[in-house]
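Okay, structure first, notes after.
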Amino acid sequence: EPEVTQTPSHQVTQMGQEVILRCVPISNHLYFYWYRQILGQKVEFLVSFYNNEISEKSEIFDDQFSVERPDGSNFTLKIRSTKLEDSAMYFCASRPTTGSQETQYFGPGTRLLVL
Amino acid sequence: AQSVTQLGSHVSVSEGALVLLRCNYSSSVPPYLFWYVQYPNQGLQLLLKYTSAATLVKGINGFEAEFKKSETSFHLTKPSAHMSDAAEYFCAVSVPSARQLTFGSGTQLTVLP
């Protein structure tokens, strides 16, 4: 069964450093999402992406965040200058444009720790 | 804007007992509703979803949920808990015009032997 994959599974970085989190959505999906879950808190929407542009973003998704689809398979989340409060689990999700269009399929997540 | 409230951040049941996890939603338009499960150190797995078809929805692992518009609820149930059901459960809502998911705070289910 196709699934969303994410790399790396864990990332440790120093405050102020740039990180890039990578996702490979399910191959025939065209809508992509990033969510984050700070330890012990709820899962929060960051951004949605369709047709090579951001379709919606939350107030969390400020100028230090960016997303890109650099090729036909990868979808990336970049954090330019990480802060301690960026430590969280980051989930990528994708959904189809036909069939079960409302259903998002999640990757296993990247646990980011900012020191 | 949509919102979800999950009553009870922690629920404990005995193995074999009924599982009931509560979810209430708020939405100005007909919603889509979801339950996701998260096992330790894993991602979010879809358990079941409501998309305006049948109000009683059956999912994986013996779980089901009933959409009750009058009560704005979408509670998750399973007749008989199994040890392997221990996990965190998230209720989520979306609407056709804005398909990002809004999650509840989650309910940690513990199954006691």
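The values are calculated or read from the model by the stated rules, or taken from the named source; none is laboratory data. Computed from a prediction, not measured in an experiment: that's the story for all the values here. Positions of Cβ are backbone-derived with ideal geometry, glycine not excepted, and every protein chain shown enters the neighbour counts. Just the protein is used for accessible areas: all its heavy atoms, side chains included, with ligands, DNA and RNA removed. Shrake-Rupley method; radii C 1.70, N 1.55, O 1.52, S 1.80 Å.
Starting from the Cα coordinates of chain A, work out the convex hull volume and express it per residue in Å³. Numbers along the way, then the final one.
Values: hull volume 11.8 nm³, N = 115.
Dividing the Cα hull volume of chain A by its residues yields 103 Å³.
Just B:Ser97, B:Ser52, B:Ser12 to compare: in a GNM of chain B, with alpha carbon springs under 10 Å, which one fluctuates most?
Checking each option, the largest mean-square fluctuation is seen for B:Ser97.
Hey, can you find the accessible area per residue of chain A for me, probe 1.4 Å, expressed in square angstrom? Don't skip to the answer; put the middle values down first.
Values: 5800 Å² over 115 residues.
In whole numbers, chain A has 50 Å² accessible per residue.
Any idea what Rg and Dmax come out to for chain B if you just take the C-alpha atoms, in Å?
Spelled out, the Cα radius of gyration and Dmax of chain B are 13.4, 44 Å.
Gap in Å between the Cα centre of the stretch B:58-113 and the Cα centre of the stretch A:28-66?
Each part's Cα centre sits 23 Å from the other's.
Just how large is the dipole of the protein assembly as shown about the Cα centre, in debye to the nearest 20, putting +1 at every Lys and Arg Cβ and -1 at every Asp and Glu Cβ?
On the way: 17 positive and 20 negative charges, 43 e Å.
Here the protein assembly as shown has a charge dipole of around 200 debye.
In the protein assembly as shown, what percent of the accessible surface is made up of carbon and sulfur (1.4 Å probe, ligands and nucleic acids excluded)? Present the calculation step by step, with values, prior to reporting the outcome.
Values: 5430 of 10990 Å².
C and S atoms contribute 49 percent here.
Computed on protein heavy atoms with a 1.4 Å probe, what is the summed buried accessible area for the chain pair B and A, in Å² to the nearest 100? The partial results should precede the final answer.
Values: alone 6020 and 6600 Å², together 10990 Å².
By this definition, chains B and A bury close to 1600 Å².
Treating only the Cα positions of the protein assembly as shown as identical point scatterers, give the base-10 log of I(q)/I(0) from the Debye formula at each q in 0.14, 0.15 Å⁻¹.
-0.88, -1.00
Give the residues of the stretch A:79-109 whose amide nitrogen is closer than 20 Å to a point set 7 Å from the Cα of A:Asn28 in the direction of its Cβ.
Residues A:93-107 fall inside that zone.
Cut-off 10 angstrom, C-alpha nodes, Gaussian network model of chain A. Which of A:Gly40, A:Gly72, A:Gly16 fluctuates the most?
A:Gly40
Work out the charge dipole of chain A with +1 on the Cβ of Lys and Arg and -1 on the Cβ of Asp and Glu about the Cα centre, then indicate which of A:Ile20, A:Asn74, A:Leu112 is farthest towards its positive end.
A:Leu112
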